[in-house]
Amino acid sequence: MKVLLIGSGGREHALAWKLAQSPRLTALFAAPGNPGIAEHATISDVDIDDQAAVVAFCRDTAIDFVVVGPEAPLVAGLADRLRKAGIVTFGPSAAAAQLEGSKGFTKDLCAQYDIPTGAYRRFGNASEAKAYIEAQGAPIVIKADGLAAGKGVTVAMTMGEALAAIDDCFDGAFGAAGAEVVVEAFLSGEEASFFCLCDGRTLLPLATAQDHKRVGDGDTGPNTGGMGAYSPAPVMTPDLVARTMTEIIAPTMRGMAKNGMPFSGVFFAGLMITDKGPELIEYNVRFGDPECQVLMMRLKSDLLPILFACATGTLDTVTAEWHDETALTVVLASKGYPGAYAKGTPIEAIPAERNDAKVFHAGTALKERKLVATGGRVLNATAVGPTAAIAQEKAYQLVDGIVWDNGFCRRDIGYLAIERENP
Ligand SMILES: Nc1ncnc2c1ncn2[C@@H]1O[C@H](COP(=O)(O)OP(=O)(O)O)[C@@H](O)[C@H]1O
Ligand SMILES: [Mg+2]
C-alpha cells in the first residue's frame, strides 16, 4: 500500500516511524514532513493547504491511502475532498471535525445526548456573557469557540480574570475563533486523555495518556502545546475506562451518526476525573502531540491495517495489542518558548534509536545539511520501561545525550504517575 502522511510534527514522526514498520507498506510519502520523518518517508513539497494540489499529488503518485495528522486540514475539509476524489482517507469530515473545531458544537451534542460535562452557555457578545458570569461566580472557565492553538481557554479563579477573558475574546485576541465564547462550570479533579478509533459505527478503544501542559516543573508557568506525556494514565482504572466508553464515547458516536455527520477517525477525549466519574472537557479529532509518540511506542500491532480499517468502515475486523509497559516522552523546546524564541539554532547531536528509546523530531529542519531547530517544541525524547520511574529515567538519559545549546525541557515529566507507583 502507498501511503501519504499529512503533517510535520512529533506526532507525524511517530506515525511515520510506526507505519514504516508495516509489512503492508510499499511506499510512504509525507507532506510537509520534517528531517525525522524523512528517515522513513519520501518528502513531498505539495502544499497541504491546497486541497486540489493534494488530490493531484495522490493521483500522480497512485497513493492508496492518506493519513491526516493535524486538526487544521481536517477542519478545512481535506478528508472530504480526498474521499470525494475516491482516495481512502483516515480522518473525519469537516462536519464531524466540528467536535474539535467548535467547543459550542461539542457542548450542544453533550446536552442533546446526556454526555457528562460541565454546565455551560454559549455567547456571541460580551455583555450577556459578563452578566452570566456575574450570576455564576468564580472559579469559572471561558473558552473561545474555535481553534485557538491551545491558547483560547482561561480557567479563571477570580471574577476579574473571567471578565478580562471575555474582553480578550471579543476584542479579537483569538481572531474569528473568539467571535463566540463558551462559558462553563469549573470542574475539579485529575485530568486524563483517552484515545479511541471510530469508523462511524464501531469503536476500537486504544489507550489512556496524561500530558503536562505547563512550561515549568511542578506544573507551573504558562500553558504550552505540551511539555511531555506518558501512557498509560494510572488514574484511568479499567472501571473508569469502561465508564468513559459507555457514558461518553459511545453516545458521541451514536449522536454524531443520528445528527447526520457520522464520525470516522480518532476520538481524543480530554477528561476530568471528578467525584462523580469521568466528565468531558473537550474532544480533539486527531492523535495528541506529544501523546501520539507514547501511544506508538506502546502499540505492538501493525498500525497501517488498523488505520485503514478505520477509514474503510471495517474496524470490527481488527484488534490493537499493547505493551503493558509505560511509555514516557519529554519535549525539548527552544529557550523562551512558549514566548519568543530564536529560530535556526544548531542541534549538534541526537542519540541513535534503540528498541526501547527514540527521539522524535517536531520543529526541526535541515539548513545547509545541518540540523537546526525551527519551532517552539523541537524534539521528543521517548522511552518505554516496566514502570513510569524507569521509563522516566531512560527518557532523561536520552535527553542528556542530545546536544543542543538553545534547548530546555522539564525535569519532572511523569511525576504524578511515579508518585502513584510509590505511595
Ligand atoms: N471546565 C473546566 N474545569 C476545569 N478546568 C478546565 C475546564 N475546561 C478546561 N479546563 C482546563 O483548561 C485546559 C484547556 O481546555 P481545553 O478545553 O482542553 O481546550 P484546548 O485544549 O483547546 O486549549 C484543560 O486541559 C484543563 O486543564
Ligand atoms: Mg485540551
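Annotations
- Too-long pairs where the Cα-Cα distance tops 19 Å, listed order kept, from Lys18/Lys358; Lys300/Lys358; Lys343/Lys367; Lys151/Lys367: Lys151/Lys367
- Comparing Pro290, Val266, Ala119 along the charge dipole axis of the chain, the residue lying farthest to the positive side is Val266, per the Cβ-charge model.
- Convex hull (Cα only) mean projected area of the range 291-377, reported in nm² to one decimal: 8.0 nm²
- Entry note, the chain: relative contact order of 16 percent, from Cα contacts under 8 Å with a spacing of 6+ residues.
- For the chain, built as a Gaussian network whose Cα springs stay under 10 Å, the top-fluctuating residue of Phe267, Phe170, Phe90: Phe170
- Take 357-365, 294-302 and order them by the average number of nearby Cβ atoms within 10 Å per residue, most first; the result is 357-365, 294-302.
- Coarse-grained scattering of the range 190-317 at q = 0.23 Å⁻¹, given as base-10 log I(q)/I(0) from a Debye sum over alpha-carbon atoms: -1.44
- Charged-residue dipole, Cβ positions (Lys, Arg, Asp, Glu), the range 326-421 about Cα centre, Debye nearest 20: 380 debye
- Overall, the range 2-93 carries a charge dipole of about 380 debye about its Cα centre when +1 sits on the Cβ of Lys and Arg and -1 on the Cβ of Asp and Glu, all other atoms neutral.
- With the helix formula -39500 (n - 2.57) applied to DSSP H stretches of n ≥ 4, the chain reaches a computed 222 nm mean residue ellipticity of -8000 deg cm²/dmol.
- Dividing the C-alpha radius of gyration of the range 339-423 by 2.2 N^0.38 Å, with N its residue count, gives 1.21.
- The mean of 1/r over all distinct Cα pairs in the chain, once inverted, gives the Kirkwood hydrodynamic radius of 21.9 Å.
- Ascending count of other beta-carbon atoms within 10 Å, so fewest first, for Ser334, Ser188, Ser231: Ser188, Ser334, Ser231
- The local environment of Gly407, defined by Cβ-Cβ distances under 11 Å, has a net charge of 0 under the rule Lys, Arg +1 and Asp, Glu -1.
- Bridging of Lys107 to aspartates and glutamates at a Cα separation below 17 Å is possible for Asp145, Glu180, Glu184, Glu247, Glu279, Glu282, once same-chain residues fewer than 8 apart are set aside.
Every number here is computed from the coordinates shown, using simple stated rules; none is lab data. Remember, it's a predicted structure, so these values are computed and weren't measured experimentally. Quick reminder, even Gly has a Cβ in these numbers, built from the backbone with ideal geometry, and neighbours come from all protein chains shown.
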